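Here the structure is laid out as structure tokens; the discussion comes afterwards.
Any read-out appearing in this document is the output of simple, stated calculations on the displayed coordinates, not a laboratory observation. Predicted, not measured: the structure shown is a model, and the values here were computed from it. Using ideal geometry, Cβ is built from the backbone for each residue, glycine included, and neighbour counts are taken over all protein chains shown.
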Amino acid sequence: MNNKLEKISDTLLLGPGPSTVNPNVYKALSVKTVGHLDPRFIDIMDEIKNLLRVAFKTENDFCMPISGTGSAAMETCFVNLIDPNDKVLIIQNGYFSVRMEDMCNRLGANLDVLKFDWGKPADINIVEEKIKNNSYDIIAVVHAETSTGVKNDIRSLSTLIKDDTLLLVDAVTSLGTIELEVDKWGIDAIYSCSQKGLSCPPGASPVSFSNKSINKMKKRKHLIPNWYLDMLEIIKYWDGNQRAYHHTAPINMMYALYQGLLNLTEEGIENSWNRHIETHKYLASELHDLGLEFLVDKDSRLPSLNAMIIPEGVDDLSVRASLLKNYNIEIGGGLGPFAGKVWRIGLMGYSAHKKHVDTLISALKNIL
Ligand code: PLP
């Protein structure tokens, strides 16, 4: 019989995610599956919560992975925190904050969207003006905009948040790759994923909530409108002396996440951030020599996602197809207004090493 899996070969993943999976994560995935209430598994769950506190730099009790990808974690934050007609501000400068808008509309939020150009960071002075003149229940922002390679300045934004507002942050591409301080920056709800900075396959996505967020969930006027993502129910499985079944945890994905978090914390969070910066600088100088330019200004560039302008006369699709077919390297194309105009080169987690940059550059030299 023809087994399609035999066609899958080692591929260097240098796109917007997933990143290349760490070999020890593959090993973790193949550990024997046990029951979701097995004490050995509960022990691993508890350690995942501890490791998440380290990774997010928080003392929050409420840290755990959602069974699903980053969008499920995004939805978890909105679905648990928005009551109908809550006033929500979305700071929008890319594809993923458009997704936020879609989710909030479905939940009946009273929505304000503050738009900035894609490829530019949110202007803090304009955000300050908006916040000064309005009162919001929730302000939501994407830290690392994977669609364009822009970093939003959460540290500065956090100083503007009023006491009765919750700050909700998308850290899907930032966790483990750039500076992120949940407690110091007063972040109330945050979510990420497994397949970028943690170099696991997609499927288990960390979230963390401050006490302020938990209090809001407990005082909700309406039932959380989504059964699967109801944090007040899921917590009964993830915390306490008597664990209660909610849904069957994806056991082996949790093994993988555990190993990914161990890798990050053993390296040291700050060391990991620095490695991403160093690898990004190396990539930038090599790409400069090839005549490629960045889409984003230096000050707001993400080390983990490098959006490069495709030179005139070069065909986007044929270059990416050749990278994949002849060199087993994946990079990403542009999204929205940048489709066909930029390449997105991800340096995330296990992919963020100079040897991987060398492999890409030597392939690009042959192709271009
Ligand atoms: N937010 C950001 C910033 C992302 O980059 C992504 C995915 O790339 C998502 C949310 C959605 O995550 P997922 O595709 O894992 O559902």
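Observations
- Net +/- balance of residues flanking Asp239 in space, Cβ distance below 11 Å, scoring K and R +1, D and E -1: +1
- One decimal place: the segment Asp117-Glu293 gains 61.5 nm when fully extended, by the rule 0.36 nm per residue minus the C-alpha distance.
- Sorted on the mean count of surrounding Cβ atoms within 10 Å across their residues, most packed first, peptides 20-30, 287-297, 134-144 read 134-144, 20-30, 287-297.
- Among Trp343, Trp227, a tally of other beta-carbon atoms within 10 Å of each Cβ gives an order, fewest to most, of Trp227, Trp343.
- Neighbour counts of other Cβ atoms within 10 Å put Ile66, Ile329 in the fewest-to-most order Ile329, Ile66.
- Less than 5 angstrom separates the built amide H of Ile310 from those of Val342, Trp343, all sequence-distant by 5 or more or on a different chain.
- Of Lys184/Lys221; Lys151/Lys281; Lys120/Lys355; Lys120/Lys221; Lys57/Lys218, those spanning more than 26 Å from alpha-carbon to alpha-carbon: Lys184/Lys221; Lys120/Lys355; Lys120/Lys221
- Counting only DSSP H runs of at least 4 residues, each contributing -39500 (n - 2.57), and dividing by the residue count of the chain, the helix-based mean residue ellipticity at 222 nm comes to -12000 deg cm²/dmol.
- At most 10 other Cβ within 10 Å, DSSP loop - trypsin sites (Lys or Arg not before Pro), segment 190-233: Lys219, Lys221
- Whole-Hz ³J(HN,Hα) from phi, Karplus 6.51 cos²θ - 1.76 cosθ + 1.60, for segment 36-48, glycine and proline x: 6, 10, 4, x, 5, 6, 4, 4, 5, 4, 4, 6, 4
- Each listed q (0.06, 0.12, 0.15 Å⁻¹) maps to a log10 I(q)/I(0) for the chain from the Debye sum over equal C-alpha point scatterers, namely -0.22, -0.90, -1.32.
- For the chain, share of DSSP beta bridges that run antiparallel, in % to the nearest 5: 50 percent
- Semi-axes of the equivalent ellipsoid of segment 91-220 are 21, 18, 15 Å, computed as sqrt(5λ) over the eigenvalues of the C-alpha gyration tensor in descending order.
- Take every pair of alpha-carbon atoms less than 8 Å apart whose residues are at least six positions apart; their mean separation over the length of segment 277-360 yields a relative contact order of 34 percent.
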